[in-house]
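What follows is one structure encoded as structure tokens, with my remarks underneath.
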Amino acid sequence: MGQRVNEYRQPIGEPMPQWQPAKAPGDQPMTGRYCRLERVDVKRHADDLFHAYRAAPDGSDWTYLSVGPFETPDAYRDFLATCAASPDPLHYAVIDLASGKAIGTLSLMRIDKPNGVIEVGFVVFSRRLQKTRMATESIFLLMRRIFDELGYRRFEWKCDSLNAPSRTAAARFGFTFEGIFRQAVTYKGRNRDTAWFSIVDSEWPALRAGFAEWLDAANFDAQGTQRRSLQTCIAAQRA
């Protein structure tokens, strides 16, 4: 198909006659096989989250965040209260279904309903959550909500360009790297060049099938070791 042009012979984008603005994320929990996402609540989650974060040997998990680490339960409780009251970012606690404990948080943010764009951000996973099936499933639950239920066209991931673990995670989850926005943010008294990643709705069916295959209990042996990597599962679906 050739490039569309207008009456002035200028190239223009494809028409979207069926497009309707996306819906706002609600407060409904998202439940998977291993974890549940629910809106953060100070009474229900603050103590569990504080103790999960404090179990780390140092404060390095907070290096690339604009806040933290928090030294006292009261300091973290005050911060979580601001999260609970915020409509954007919309913060969720990650609940371990086996223990019923909150072990991390993440959010939907920069919510742009008219254009169908939304971002996952403020990902704060405790060491109990990092590199687990629950961590992967929590991202999958957000993707399923925003693409299948809310009708978004674009899902974004942004991070400090120096944050190698975050960039690796974005690639593993199927996000496409789009470039570096130089001097985009200042935080904690320093500059941040921001790495941008995205998934668009046409890519979602293959990703959904790849995540589902990876998260299936049959993909793990008796010791919990994966048989196929997430990237392998996604690549097979894309092929």
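Just so you know, all these numbers are worked out from the coordinates, no wet-lab data involved. What you see is a predicted model, and the numbers here were worked out from it, not measured in a lab. When we count neighbours, we look across all protein chains shown, and the Cβ atoms used for this are built from the backbone with ideal geometry, even at glycine.
As I understand it, the dipole of the range 1-79 uses +1 on the Cβ of Lys and Arg and -1 on the Cβ of Asp and Glu, about the Cα centre. Which of P29, Q10, A75 lies farthest toward its positive end?
Q10
Do any GluC sites (Glu not before Pro) in the range 1-75 lie in a loop, going by DSSP, with at most 14 other beta-carbon atoms within 10 Å of their beta carbon, and if so which?
Passing both the DSSP loop test and the Cβ count: E7, E71.
Quick one: order M143, M134, M16 by neighbouring beta-carbon count within 10 Å, fewest to most.
Fewest-to-most ranking of M143, M134, M16: M16, M143, M134.
Could you check the simple spin-label distance between A222 and D58, using points 7 Å along Cα→Cβ, in nm with one decimal?
Each label point lies 7 Å from its Cα, and together they span 3.9 nm.
So what is Rg over Rh here for the range 1-136, counting just Cα atoms and using Kirkwood for Rh?
A ratio of 1.15.
Against the longest alpha carbon principal axis of the chain, how many degrees, from 0 to 90 and to the nearest 10, is the axis of helix 73-85 turned?
30
Test of understanding: ordering Y8, Y92 by Cβ neighbours within 10 Å, fewest first, what list do you get?
Least crowded to most crowded, the residues run Y8, Y92.
In degrees, nearest 10, range 0 to 90: what is the angle between the Cα axis of helix 204-215 and the longest Cα principal axis of the chain?
The answer is roughly 30 degrees.
Which residue, Y187, Y152, Y76, tops the fluctuation ranking in a GNM of the chain built on C-alpha contacts under 10 Å?
Y187
Please determine, in degrees from 0 to 90 and to the nearest 10, the orientation of helix 133-143 with respect to the longest principal axis defined by the Cα atoms of the chain, where the helix direction is its Cα long axis.
40
May I ask you to list the lysines whose Cα is less than 20 Å away from that of K43, ignoring any residue fewer than eight positions away on the same chain?
Excluding near neighbours in sequence, the set is K101.
For the range 3-74, divide the Cα radius of gyration by the Kirkwood radius and give the resulting Rg/Rh value with two decimals.
For the range 3-74, the value is 1.30.
Kirkwood hydrodynamic radius (Cα pairs, Å) of the chain?
The answer is 19.2 Å.
From zero up to wherever the largest Cα-Cα distance of the range 90-210 sits, split into 10 Å bins and tell me the percent of pairs in each.
That works out to 12, 43, 36, 8, 0, in percent per bin.
From the helices alone, meaning DSSP H stretches of at least four residues, give me the mean residue ellipticity at 222 nm for the chain, per-run term -39500 (n - 2.57), in deg cm²/dmol to the nearest 500.
Rounded to the nearest 500, the figure is -8500 deg cm²/dmol.
Sort 100-107, 83-90 for me by packing, meaning the mean count of neighbouring Cβ atoms within 10 Å per residue, highest on top.
In descending order of packing, they fall as 100-107, 83-90.
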